[in-house]
Amino acid sequence: DGFSIGTCPVFAHGLAFFGTGCFKAQLFAIGVDGEGDVTGTKVAWKTLKQVPIMSSPVAAGDELYWVSDEGMATCVDARTGEIHWQERLGGGHLASPLQAEGRIYFFGQDGRTTVVKAAAQFERLAENQVDGTVIATPAVVDRTIYLRTDTHLYRIGKE
C-alpha cells in the first residue's frame with residue numbers, strides 16, 4: 001500500500017532476468033520462448049541470496065551481476081545461476097550497476113563507485129569518490145556517465 005518498487009528486466013542468453021522487489025526479494029531467470037503461465041516450465045533458475053529490492057541486475061558476457069541494498073555484490077553464471085563470486089563492497093547500494101568496456105560499475109549511496117572487472121573471478125580495478133548521496137542509477141549517453149547525487153550532477157567521460 002502506498003509504494004511500488006519495480007526493477008527493470010534484463011535480457012541475455014534467451015532469458016529475462018528480473019527481481020521481485022519488496023517484501024521477499026527474489027531474482028528470476030525465465031526463458032522467453034513460452035506462452036501463457038510459464039511459472040512451472042520456463043524458470044531456468046531463481047535465487048534469494050543477497051537480492052536487491054531497489055536495483056536491477058546487469059548482464060555482461062556469460063555473467064549476470066547485481067548488488068544488494070546492503071552492498072553485497074554478486075556475479076553468477078547467467079545461464080545456470082551458479083555463483084562465481086560474492087564480495088562485500090560496504091555501505092548501501094540502491095542504484096543499479098552499469099557495465100562498459102569490460103568493467104562493472106557499482107554505485108554506493110555514500111558517493112563511492114567501485115569498479116570491478118567483468119569476469120567470473122573477482123578483481124577490483126578502482127574506487128572513486130564523489131560528493132553527495134547516490135540513489136538514482138546513472139545515465140549513459142555517448143560514452144559519458146551522468147551521475148546525480150543529492151547535491152551535484154557529474155559528467156564523467158572523455159572529451
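Would you say Tyr146 is more than 18 Å from the chain's Cα centre (by Cα) and outside any loop (DSSP other than H, G, I, E, B)? Please lay out each step first, then the result.
Values: more than 18 Å from the chain's Cα centre (by Cα): no; outside any loop (DSSP other than H, G, I, E, B): yes.
Taking the combined requirement at face value, the residue does not satisfy it.
Looking at (1) open to solvent by less than 20 Å² (accessible area, probe 1.4 Å); (2) in a strand (DSSP E or B), which one does Ser56 not meet, given that it meets all the others?
(2)
From Val140, Val116, which residue is within 16 Å of the chain's Cα centre (by Cα) and at pLDDT 95 or above?
On the way: Val140 fails: at pLDDT 95 or above.
Of the residues listed, the single one that is within 16 Å of the chain's Cα centre (by Cα) and at pLDDT 95 or above is Val116.
Kindly list the number of the only condition in (1) surrounded by 14 or more Cβ atoms within 10 Å (Cβ to Cβ); (2) modelled with pLDDT under 95; (3) not charged (D, E, K, R) that fails for Pro97.
Result: Pro97 passes all but (2).
Please tell me if Ile145 is in contact with a Phe, Trp or Tyr (Cβ under 8 Å, 6 or more places away or on another chain), modelled with pLDDT under 95 and surrounded by 15 or more Cβ atoms within 10 Å (Cβ to Cβ). Even if it seems obvious, please write down each step before you answer.
Values: in contact with a Phe, Trp or Tyr (Cβ under 8 Å, 6 or more places away or on another chain): yes; modelled with pLDDT under 95: yes; surrounded by 15 or more Cβ atoms within 10 Å (Cβ to Cβ): yes.
The answer is yes for Ile145.
Go through (1) within 27 Å of Arg148 (Cα to Cα); (2) open to solvent by 60 Å² or more (accessible area, probe 1.4 Å); (3) among the hydroxyl-bearing types (Ser, Thr, Tyr) for Thr80 and report which single condition fails.
(1) is the only condition that Thr80 fails.
Which residue out of Arg155, Arg88 is more than 15 Å from the chain's Cα centre (by Cα) and surrounded by fewer than 17 Cβ atoms within 10 Å (Cβ to Cβ)?
Values: Arg88 fails: more than 15 Å from the chain's Cα centre (by Cα).
After applying the criteria, what remains is Arg155.
Take the residues in region 13-46 that are open to solvent by 60 Å² or more (accessible area, probe 1.4 Å) and assigned to a strand (DSSP E or B); name whichever of them is nearest to Val67 (Cα to Cα).
Phe18
Could you list, in sequence order, all residues of region 106-126 that are open to solvent by 40 Å² or more (accessible area, probe 1.4 Å) and within 18 Å of His152 (Cβ to Cβ)? Show your work before the answer.
The first filter runs over region 106-126 and keeps only residues open to solvent by 40 Å² or more (accessible area, probe 1.4 Å), leaving 109-110, 112, 117, 120-125.
The answer is Gln109, Asp110, Arg112.
The values are calculated or read from the model by the stated rules, or taken from the named source; none is laboratory data. None of the values given here were measured: they were computed from a predicted structure. Here the Cβ is made from the backbone with ideal geometry for all residues, glycine too, and neighbour counts use every protein chain on show. Heads up: the accessible areas ignore ligands, DNA and RNA and are worked out on the full protein's heavy atoms, side chains in. Shrake-Rupley method; radii C 1.70, N 1.55, O 1.52, S 1.80 Å.
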